[in-house]
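Just below is one structure, and these are the notes that go with it.
The values are calculated or read from the model by the stated rules, or taken from the named source; none is laboratory data. Keep in mind that what you see is a predicted model, and the values were worked out from it rather than measured. Cβ placement follows ideal geometry from the backbone for every residue including glycine, while neighbour counts extend to all protein chains displayed. Protein only, heavy atoms only, side chains kept; ligands, DNA and RNA dropped before computing areas. Shrake-Rupley method; radii C 1.70, N 1.55, O 1.52, S 1.80 Å.
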Amino acid sequence: MNIIITTPEPVVYKSLSTTTNRHTAEYVANEISVVIDSIGKNRCLGVVSDNAASMKKAWTILKNDPRYKDLPIAYYSCICHTLNLLVHDIFKIQNVSALEEMAKTIVKTINNTHILKSTFVVIQKSKKEVFTTLKMPVKTRWGSIVHCLESLKQNKGVLQQLAWSDDVNVTTKLGDVIQMYILEFSFWHKIDKVLDLMKPITEWIKKLESDNPYISDVFYALNDISSLLTLKFPNIEFLSDEEKTSILGSFEHRKCMALHSMHYASSILDPRHRGQHLTQINDIAGVEYIFNVAIAIMPEEAQQIMFELAQYRSNEGLWSNNFVWSTEIQNLNPYTWWKGICGSTYLNKIAVAILSLPPSSAATERSFSTFSLIHTKKRNRLTNERAAKLLYIHQNRNNLKKSSVPKKKILQRNTGIL
């Protein structure tokens, strides 16, 4: 188990070797509680993970724990994992599933057959253009089925030339069914329509899995996807009304899983959004969460914080100055805006704390990728403790590099002195 703490930069805090311990909800909840206690329960505002059953049950255990029951700690799911589950929901629809299976069959047949792969590469090179390789979807990669379909679309001309090959060996290995699909207009038409539907979702996944995403973007990402689904559906004629209703139902289910009152609070405190498009119920839930955080972190200043929140939302006091809302200032990220422009207020401490929460567990996923490079088949004699220390150094030194002065600047400064 790798545990990352956002400050707001992701910092590897702890790596646990579970050894013979089963990953039960009770075990996970206990390990998380140890971390919460070690950093200070009043300094922890959220715990984010994937949607595994054991994790969700662990949230419930922690919510009901007397030590944390009255604290505004949000237990929520990784938005990228949630959107990936939405992608899988859509690809479970019969017509879309059939398209996925054929796409995977084409990629697998060409990549796993020497003569087809070689002929495919020769045709690519003859066109003297930059082409991508054919990609198989990977279960552990968010939205990778979309990358598979995109790789087919980008190689459409190459694939059709392959299907029209005069070489009997090529056409025999390819098979009549695959040839028929590659040369069929409806196959490519469906790929275009599905990509048109799916790309907004994968683009949001890509944006929200970076190291510098904003928790406040989660609500607007889901709103944007909802609008796009409604807009695109009329143009996808091969999906039945029942299938479209099923997709919308899946989206609403995933949306309910993803959103927490903390997301509404972050939307209110993000100067780019300021709670736009929130319903009255969501708006009140967000304000209540801000109040609960204020009580937990700064109880003596809670009343002043709520007064400043009212001023912030009604453009009064400090926020009545047009300079605060100027375009140049608005281009700052929300975290920096509160620390740098509104640093004299009590509300800034609450805003910075909430806006520091990560929207996804992508940093944890990256730490496991790094771990797999450290503890390989050739370095399998590394102890778990040594491997964890190497991971800690490798990941966290990147944060030090970001905060350090660039070497070029140091050289220029030294030259000036000389």
> If you go through region 260-275 one residue at a time, do you hit one that is more than 25 Å from the chain's Cα centre (by Cα) and open to solvent by 70 Å² or more (accessible area, probe 1.4 Å)?
Replying inline: no
>> Checking the condition of a type in the set (Lys, Arg), over 26 Å from the mean Cα position of the chain (by Cα) and modelled with pLDDT of 90 or more, which residue from Lys63, Lys69, Lys108, Lys104 passes?
In response: Lys108
> How many of the residues making up region 156-191 are of a type outside the set (A, V, I, L, M, F, W, C) and under 14 Å from Thr109 (Cα atoms)?
Replying inline: 8
> Here are Lys153, Lys127: which of them is without any contact (Cβ under 8 Å) to a residue 40 or more places away in the chain and charged (D, E, K, R)?
Replying inline: Lys127
>> Being small (Gly, Ala, Ser), surrounded by 15 or more Cβ atoms within 10 Å (Cβ to Cβ) and out of contact with any Leu (no Cβ under 6 Å at 6 or more places or on another chain) is the filter here; which residues of region 44-76 pass it?
In response: Ser49, Ser54, Ala58, Ala74
>> List pairs: first residue in region 351-364 and over 19 Å from Asn396 (Cβ atoms), second residue of a type in the set (A, V, I, L, M) and open to solvent by 10 Å² or more (accessible area, probe 1.4 Å) anywhere in the structure, Cβ distance under 9 angstrom, at least six positions apart or on different chains.
In response: Ala353/Leu45; Ala353/Ile297; Ile354/Leu45; Leu357/Leu45; Leu357/Val48; Pro359/Val48; Ser360/Val48
> In this structure, is Tyr68 assigned to a loop (DSSP other than H, G, I, E, B), within 24 Å of Ser261 (Cβ to Cβ) and aromatic (Phe, Trp, Tyr)?
Replying inline: yes
> If you go through region 323-363 one residue at a time, how many are closer than 25 Å to Lys41 by Cβ, surrounded by fewer than 23 Cβ atoms within 10 Å (Cβ to Cβ) and among the aromatic types (Phe, Trp, Tyr)?
Replying inline: 2
>> For a quick check of your reading of the model, give me the residue pairs whose first member lies in region 265-286 and is free of Cβ contacts under 8 Å to residues at least 24 places away in the same chain, whose second is surrounded by fewer than 20 Cβ atoms within 10 Å (Cβ to Cβ) and assigned to a helix (DSSP H, G or I), with beta-carbon atoms closer than 7 Å and at least 6 apart or on different chains.
In response: none
> Using beta carbons and a limit of 8 Å, which pairs, at least six apart or on different chains, have the first residue in region 58-86 and polar (S, T, N, Q) and the second one part of a loop (DSSP other than H, G, I, E, B)?
Replying inline: Ser77/Asp50; Ser77/Asn51; Thr82/Asn51; Asn84/Trp142; Asn84/Gly143
> Can you pull out the residues in region 1-21 that are open to solvent by 70 Å² or more (accessible area, probe 1.4 Å), under 16 Å from Leu355 (Cα atoms) and among the polar types (S, T, N, Q)?
Replying inline: Thr7
> If you take the residues of region 21-60 that are under 20 Å from the mean Cα position of the chain (by Cα) and assigned to a loop (DSSP other than H, G, I, E, B), which of them is nearest to Ile3 (Cα to Cα)?
Replying inline: Asp50
> Out of region 157-179, which residues are open to solvent by less than 100 Å² (accessible area, probe 1.4 Å), assigned to a helix (DSSP H, G or I) and under 26 Å from Ser97 (Cβ atoms)?
Replying inline: Val158, Leu159, Gln160, Leu162, Ala163, Leu174, Val177, Ile178, Gln179
>> With the requirement that a residue be assigned to a helix (DSSP H, G or I), over 18 Å from Pro137 (Cα atoms) and open to solvent by 40 Å² or more (accessible area, probe 1.4 Å), what does region 205-217 give you?
In response: Lys207
>> Between a residue in region 335-347 that is farther than 14 Å from Arg272 by Cα and any residue that is aromatic (Phe, Trp, Tyr) and open to solvent by less than 60 Å² (accessible area, probe 1.4 Å), which pairs come within a Cβ distance under 7 Å, given they are 6 or more apart or on different chains?
In response: Leu347/Tyr312
>> For region 330-352, check the following and say yes or no: at least one residue is of a type in the set (A, V, I, L, M, F, W, C), farther than 24 Å from Tyr289 by Cα and assigned to a helix (DSSP H, G or I).
In response: no
>> For region 92-119: of the residues being in contact (Cβ under 8 Å) with a residue 60 or more places away in the chain and open to solvent by 50 Å² or more (accessible area, probe 1.4 Å), which is farthest from Lys193 (Cα to Cα)?
In response: Thr105
>> With the requirement that a residue be within 17 Å of His189 (Cβ to Cβ), open to solvent by 90 Å² or more (accessible area, probe 1.4 Å) and either part of a loop (DSSP other than H, G, I, E, B) or among the polar types (S, T, N, Q) (or both), what does region 230-250 give you?
In response: Glu237
>> Quick test of your reading of the structure: Val122 fulfils all but one of (1) loosely packed, with under 14 Cβ neighbours inside 10 Å; (2) more than 20 Å from Asp167 (Cβ to Cβ). Name the failing condition by number.
In response: (2)
> Just for region 296-306: of the residues that are open to solvent by 60 Å² or more (accessible area, probe 1.4 Å) and without any contact (Cβ under 8 Å) to a residue 60 or more places away in the chain, which one is nearest to Lys41 (Cα to Cα)?
Replying inline: Pro299
